[in-house]
1. Give the cross-link partners of Lys87 among the lysines, using a straight C-alpha distance below 23 Å as the criterion and excluding same-chain residues fewer than 8 apart.
2. Using a 1.4 Å probe on the protein heavy atoms, what percent of the accessible area of the stretch 35-123 belongs to carbon and sulfur?
3. So what does the Cα-only Debye profile of the stretch 1-61 read at q = 0.16, 0.17, 0.23 Å⁻¹, as log10 I(q)/I(0), no solvent term?
4. Assuming a ≥ b ≥ c are the square roots of the Cα gyration tensor eigenvalues, decide whether the stretch 80-121 counts as rounded (a/c under 1.5), prolate (otherwise, with a/b larger than b/c) or oblate.
5. Any idea of the accessible area per residue across the chain, 1.4 Å probe, to the nearest Å²?
6. Apply the Karplus parameterisation 6.51 cos²θ - 1.76 cosθ + 1.60, with θ equal to phi minus 60°, to every residue of the stretch 47-52 and state each ³J(HN,Hα) to the nearest whole Hz, in sequence, with x for glycine and proline.
7. For the stretch 57-101, what size does the Cα cloud have along each of its three principal axes, sorted from largest down, in whole Å?
8. Please list the non-local residues whose amide H lies under 5 Å from the amide H of Arg53, H modeled 1.01 Å from N, same-chain partners needing a gap of 5 or more.
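The values are calculated or read from the model by the stated rules, or taken from the named source; none is laboratory data. All values reported here derive from a predicted model rather than from experimental measurement. Cβ coordinates were reconstructed from backbone atoms using ideal geometry, including for glycine residues, and neighbour counts include every protein chain displayed. What goes into the accessible areas is simple: the full protein's heavy atoms, side chains included, and nothing from ligands, DNA or RNA. Shrake-Rupley method; radii C 1.70, N 1.55, O 1.52, S 1.80 Å.
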Amino acid sequence: QVHLVESGGGLVQAGDSLRLSCAGSEGTFSNNAMGWFRQAPGKEREFVASIRRNTLYTAYADSVKGRFTISRDNANNTVYLQMNSLKPEDTAVYYCAKGGGMIGGPYARYDSWGQGTQVTVSS
């Protein structure tokens, strides 16, 4: 099982940017899609973005489309989530996850999860 560690969260103001990173302990996730999810207090975990192994195809939740960008560096076992124009409703714990296959997307199976990083956006 791949060990994933997120970093880059913090407290920012509305309109600011943050870049989250997710580092894998091994090189195995280069063959899999990777995703970012988030969970706000009192809400269910929701899909944010995913990227296929070949980096050409990405998917985003409507709520973040145009503001967030997912990318990956397979050589360094790292996935990123660039978050711009942050809003208070983006406040949540953000998790990265390894897809069970190559496609990803909101309905795919994800079989390894990080511990999460807190993002708080003040108004």
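1. Reachable lysines: Lys43, Lys65.
2. Heavy-atom surface of the stretch 35-123 belonging to carbon and sulfur, 1.4 Å probe: 47 percent.
3. The calculated log intensity ratios at q = 0.16, 0.17, 0.23 Å⁻¹ are -0.67, -0.75, -1.19.
4. Here the stretch 80-121 falls in the prolate category.
5. 50
6. After applying 6.51 cos²θ - 1.76 cosθ + 1.60, I find 5, 10, 6, 8, 9, 6 Hz.
7. Sorted from largest, the Cα extents of the stretch 57-101 read 33, 20, 19 Å.
8. Ala33
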